[in-house]
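The structure appears right after this line, and notes come after that.
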Amino acid sequence: MFGKGFPFMNSGGFYSHAIESRRPGGYTSKVRVRDRYNIVGFISSGTYGRVYKAVGKNGKKGEFAIKKFKPDKEGETIQYTGLSQSAIREMALCTELSHANVVQLEEIILEDKCIFMVFEYTEHDLLQIIHHHTQPQRHAIPAPMVRSIMFQLLNGLLYLHTNWVLHRDLKPANILVTSSGAIRIGDLGLARLFYKPLNSLFSGDKVVVTIWYRAPELLMGSRHYTPAVDMWAIGCIFAELLSLRPIFKGEEAKMDSKKTVPFQRNQMMKIVEILGLPRKESWPGLASMPEYSQLQSLVLHRQPSHFHRGSNLEGWYQSCLKNGGYSSTSSAGTPGADGFDLLSRMLEYDPSKRMTAEQALEHPYFTNGGPISGNCFEGIEGKYPHRRVTQDDNDIRTGSLPGTKRSGLPDDSLMRASKRLKE
Ligand SMILES: Nc1ncnc2c1ncn2[C@@H]1O[C@H](COP(=O)(O)OP(=O)(O)O)[C@@H](O)[C@H]1O
Ligand SMILES: [Mg+2]
C-alpha cells in the first residue's frame with residue numbers, strides 16, 4: 001500500500017516528483033543500459049514504445065523486458081519535447097506499485113533523451129495464450145486455469161483500485177503471464193489516479209481503453225471514470241478466455257475532421273445484440289447520458305428482434321460452454337452456473353450496480369469448488385510457446401522510431417492488433 005509520499009497530480013496530469021530516487025525500482029542515474037543488460041531481441045512495438053528482451057550482465061541475474069519510450073511526435077517531425085505524458089504516468093505509478101499481480105519494475109534508466117523502463121520478463125500474455133488455444137483448432141482453456149487467471153487478475157485490480165489507480169486499458173495483450181503461471185497486470189501507460197482528480201478524467205486523452213473492452217457508460221458519453229470501467233473490461237476478458245473470441249468485437253468509428261468524438265454505434269450494437277438494450281428502469285442514470293438520443297435513434301432506425309427482448313447473455317454463455325466442450329464430466333471441467341453469475345454481474349450496464357473487484361473475489365465462483373492455484377498452469381499438460389523474440393532490430397539505440405509493427409503474433413492476432421486502437 002502507498003504511504004503518504006504518493007505523488008500528486010498537478011493540473012496537467014503530471015506528477016510533481018515522479019523521478020525521485022526510490023526503492024525498489026527507483027530512478028538510477030549515470031547508468032547505461034548496455035552496461036547492465038545484454039539485449040537479446042525485439043519483442044514488440046506498441047502505442048508508446050518498443051519493448052526488448054534482455055538479460056542482466058555483470059553479475060545481474062535474470063531476464064528482463066526493457067520498454068523504450070518513443071520521443072514525442074508532432075505530425076512527421078520528431079521532437080524531443082521532454083518526457084511523454086504516458087511515460088511519466090507509467091513511471092510514477094510503477095515506481096510506487098508493488099503487488100504479486102502487477103508487473104514489477106526493476107529500474108528506470110534515462111539515457112540520450114530516452115527513457116528505458118526495465119521490467120521483469122514475462123514469457124506469455126493473455127493474447128498469446130488465447131491465440132494458442134485457437135491453433136491448430138480451437139480447444140478450450142481448461143476451467144481451473146481460467147479460474148486461476150481471473151482470481152489473480154482481480155487481486156491485482158483490487159490492489160490498483162484500493163490505491164486509487166484506474167488501469168483504463170485492460171485487454172488480453174496487457175495481461176502478462178510468467179512462465180510459472182503468475183498473472184501480472186501490465187502496461188500502466190494509460191493508468192491514472194482517481195483520487196480527487198483536479199481535472200475531469202475525460203479531458204486530455206484522445207485514446208482511452210481499446211474499443212472492444214470499453215464500458216457502456218463511456219460509449220454513452222460519460223465523462224467520469226470509475227473503477228467500474230476496469231471491471232467491465234475484466235468481464236470482457238473473462239468472456240474471451242471462455243470463448244476464445246472477443247465478446248463485443250465492434251468496429252471503431254473514427255473521429256471526424258472537426259475532431260468531435262463520435263458515438264460508437266457499432267460497438268454499442270455489439271453489446272446490445274447480447275445484453276439487450278439498456279433500460280432506464282434498471283439504469284436510472286441512462287436518460288441523462290450525453291449519447292442517450294443516439295441510443296434512441298439506434299432503436300428507431302433498426303428493428304431487429306434483439307432490440308425488444310432482454311439479455312441473451314445466458315444463451316451466449318451456454319453455447320460458449322457447449323462449443324468449448326466445457327462440462328462437469330470433461331477433462332477441461334466447467335466454470336458452471338457460478339461462472340455465468342459472475343460474468344453477468346461484471347457485464348452489468350449500470351456502473352453503480354456493476355460488481356467491484358472486492359465483491360468479485362468473494363463470489364461463489366471463487367469461494368466454491370476448492371483451492372485456486374497461484375500458478376495458472378498447474379495441472380496443465382503441454383507447454384505454451386515462448387514469446388516470439390526477433391532479431392530484426394535489437395539495437396536498442398537506434399530502434400526508436402515510431403511505426404514499426406508489433407512482432408510476435410501471426411494471422412488473426414495481427415489482424416486484431418491492427419484493428420485495435422493505435423496498437
Ligand atoms: N514485462 C514484459 N515481459 C515480456 N513482454 C512484455 C513485457 N511487457 C510488455 N511486453 C510485451 O510488449 C507488448 C507492449 O508492451 P506494453 O507495456 O503493453 O506497451 P504499449 O503501451 O506499447 O502497449 C505487450 O503486449 C507484451 O507483448
Ligand atoms: Mg499494451
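The values are calculated or read from the model by the stated rules, or taken from the named source; none is laboratory data. These figures come from a predicted structure and were not determined experimentally. Note that each Cβ is placed from the backbone with ideal geometry, even for glycine, and that neighbours are counted across all protein chains shown.
Listed values, structure above:
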| read-out | value |
| --- | --- |
| Looking only at the range 116-147, and only at residues there that are away from ligand 2 (no atom under 16 Å from the Cβ) and within 16 Å of residue 49 (Cα to Cα), the one that is modelled with the lowest pLDDT | 116 |
| Residue, farthest from ligand 2 (Cβ to nearest atom), within the range 148-179, restricted to residues that are touching a Cys at 6+ places or on another chain (Cβ under 9 Å) and not in a helix (DSSP H, G or I) | 177 |
| Hey, residue 273 over 16 Å from the mean Cα position of the chain (by Cα), under 26 Å from residue 150 (Cβ atoms), at pLDDT 95 or above and of a type outside the set (A, V, I, L, M) or not | no |
| Hey, residue 354 in a helix (DSSP H, G or I) and assigned by TED's automatic domain parsing to the domain that holds residue 146 or not | no |
| Counted residues, the range 174-206 - those being at pLDDT 95 or above and either on the phi > 0 side of the Ramachandran plot or of a type in the set (A, V, I, L, M, F, W, C) (or both) | 7 |
| Top-ranked residue in the range 114-135 [being among the β-branched types (Val, Ile, Thr) and assigned to a loop (DSSP other than H, G, I, E, B); ranked as farthest from residue 246 (Cα to Cα)] | 122 |
